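Notes to accompany the following structure.
The values are calculated or read from the model by the stated rules, or taken from the named source; none is laboratory data. Please read these numbers as outputs of a predicted model, since none were measured by experiment. Here the Cβ is made from the backbone with ideal geometry for all residues, glycine too, and neighbour counts use every protein chain on show. Calculation scope for accessible area: heavy atoms of the full protein, side chains included, ligands and nucleic acids excluded. Shrake-Rupley method; radii C 1.70, N 1.55, O 1.52, S 1.80 Å.
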Amino acid sequence: MTASDLDHGSPVPRTAGSSPDEVRAWLIDCVAEHVRLPAEEIAPETPLAAYGLDSITAVSISIRIEDHFAITLDANAMWDHPTVDALAEMLSGRLLSAA
């Protein structure tokens, strides 16, 4: 997988082969775009709520995750996994089990 494959605008879903680091990098970019901060300011261990994540933003990010990785998320996924690290771990596990 190349860096261009991680482009959150990519129309090609990623269902397998995404390492935890690749998933984390994609999530950081996605979250940064939604909360309008530079990606460098998104710390993977910081709760997303600290960046002003609200329910509307959480749903929007969830939709992007579902579209990009071709998976379905539980409605509470963003709240059950409240950091980029936690989300990346959960998504990587789901992607590996789908492979």
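If Arg64 meets every condition in (1) open to solvent by less than 60 Å² (accessible area, probe 1.4 Å); (2) at pLDDT below 95 apart from one, which number is that one?
(2)
Count, please, the residues in region 67-99 that happen to be open to solvent by less than 60 Å² (accessible area, probe 1.4 Å) and part of a helix (DSSP H, G or I).
So the answer is 14.
Restricting to region 28-66, give me the number of residues that are more than 11 Å from the chain's Cα centre (by Cα), not small (Gly, Ala, Ser) and not in a helix (DSSP H, G or I).
9
Is it the case that Glu33 is over 11 Å from Val84 (Cα atoms) and crowded, with 19+ Cβ neighbours inside 10 Å?
On the way: over 11 Å from Val84 (Cα atoms): yes; crowded, with 19+ Cβ neighbours inside 10 Å: no.
No; evaluated as a whole, the condition is false for this residue.
Please enumerate the residues belonging to region 43-61 that are touching a strand residue (DSSP E or B) at 6+ places or on another chain (Cβ under 9 Å), under 15 Å from Arg24 (Cβ atoms) and surrounded by 18 or more Cβ atoms within 10 Å (Cβ to Cβ).
Leu48
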